[in-house]
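Input: a single structure, listed below in structure tokens.
The values are calculated or read from the model by the stated rules, or taken from the named source; none is laboratory data. What you are looking at is a predicted structure, and each value in this text was computed from that prediction instead of being measured. With ideal geometry, Cβ positions are generated from the backbone for all residues, glycine too; neighbour counts draw on all protein chains shown. Accessible surface areas use protein heavy atoms only, side chains included; no ligands, DNA or RNA. Shrake-Rupley method; radii C 1.70, N 1.55, O 1.52, S 1.80 Å.
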Amino acid sequence: MNPDVMEQIRKCYKGDGGKEETEKVLERYLEVDPECIEAWMRLAITVFEPPIADYDKSIHCLKRAIRIGPGCLEALFILARIQDIIYREVDEDVFQELHSIQTNDPEEQSMLEYAKAWYYESKEMWHEYENALKRSIVVYPGHVLNHISLGLFYVNQGDREKGKSLLVKGVRNVKHVYQADDGFDEVGDYNEFINERIKGIHVTDVINELWKKTIRSLS
């Protein structure tokens, strides 16, 4: 993206009403460069988070990014995650796009299988759900949320030891725990969204402690 626009976004973060002002900056920029995938993704994340929380607009922005760049896996993963968070299901057309992807990158493969698992969960296809999570972990064992999801699945199935082992491995993969005074360089950082909501390697202290409490309860 244009460096001047990025500087404006950083200034928005430091001021009051950062997300609303960032939204305006990105919309003005997209009037000039409507094919900028990064701008559409940043706008999607900006309006998804409170206090804006315009979910329809967020989804529209991500779909626009995907139309411009069909190979933009980050936009597709984020779209699937946002649908999962908002509606607790992934649309059939989004799942079909996920299913058609070919990538040789282990991290992308891991996120791809994890995204498929959200779809299977919404359909209560538990065998497929379990296997997708297993594949996600095997292909790249360095993420967190896939371990946590499979661990909780096993705990709910009554296999406490297997579930606990996965939860422990997941928590050990956490790279950063957000503190109250943490901040990001700019609003709409979609890479940070991926780190927190898909990989899970960045996590709030509340969630991190909840996972550890769950592990202790299984001892």
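Quick check: is even one residue across the range 173-184 basic (Lys, Arg), surrounded by fewer than 15 Cβ atoms within 10 Å (Cβ to Cβ) and modelled with pLDDT of 95 or more? Yes, that holds for at least one residue. Applying the condition of being under 22 Å from GLU108 (Cα atoms) and not in a helix (DSSP H, G or I) to the range 37-87 and asking which residue is nearest to the chain's Cα centre (by Cα) yields CYS72. So, in the range 104-126, of the ones that are among the aromatic types (Phe, Trp, Tyr) and within 18 Å of LEU73 (Cα to Cα), which residue ends up surrounded by the most Cβ atoms within 10 Å (Cβ to Cβ)? Here the residue is TYR114.
Scanning the range 30-63 for residues that are more than 12 Å from GLY188 (Cβ to Cβ) and of a type in the set (Val, Ile, Thr) gives VAL32, ILE37, ILE59. Selection of the range 70-87 for residues being open to solvent by 10 Å² or more (accessible area, probe 1.4 Å) and of a type in the set (Gly, Ala, Ser) yields only GLY71.
Helices (runs of 4 or more DSSP H) fully within the range 89-165 that include at least 1 residues being of a type in the set (Val, Ile, Thr): 92-100, 126-139, 145-156.
When residues in the range 194-219 are screened for being among the small types (Gly, Ala, Ser) and open to solvent by 40 Å² or more (accessible area, probe 1.4 Å), 2 of them pass. When GLU124 is tested against (1) in contact (Cβ under 8 Å) with a residue 24 or more places away in the chain; (2) on the phi > 0 side of the Ramachandran plot, just one condition goes unmet, and that condition is (1).
Mind counting the residues in the range 126-144 that are of a type in the set (Lys, Arg) and in contact with a helix residue (DSSP H, G or I) (Cβ under 6 Å, 6 or more places away or on another chain)?
1
State yes or no: is LYS11 touching a residue at least 40 places away in the same chain (Cβ under 8 Å), surrounded by fewer than 22 Cβ atoms within 10 Å (Cβ to Cβ), charged (D, E, K, R) and under 19 Å from GLU192 (Cα atoms)? Against the criterion (touching a residue at least 40 places away in the same chain (Cβ under 8 Å), surrounded by fewer than 22 Cβ atoms within 10 Å (Cβ to Cβ), charged (D, E, K, R) and under 19 Å from GLU192 (Cα atoms)), LYS11 does not qualify. Candidates are the residues of the range 127-153 that are among the aromatic types (Phe, Trp, Tyr) and open to solvent by 20 Å² or more (accessible area, probe 1.4 Å); the one that is nearest to SER219 (Cα to Cα) is PHE153.
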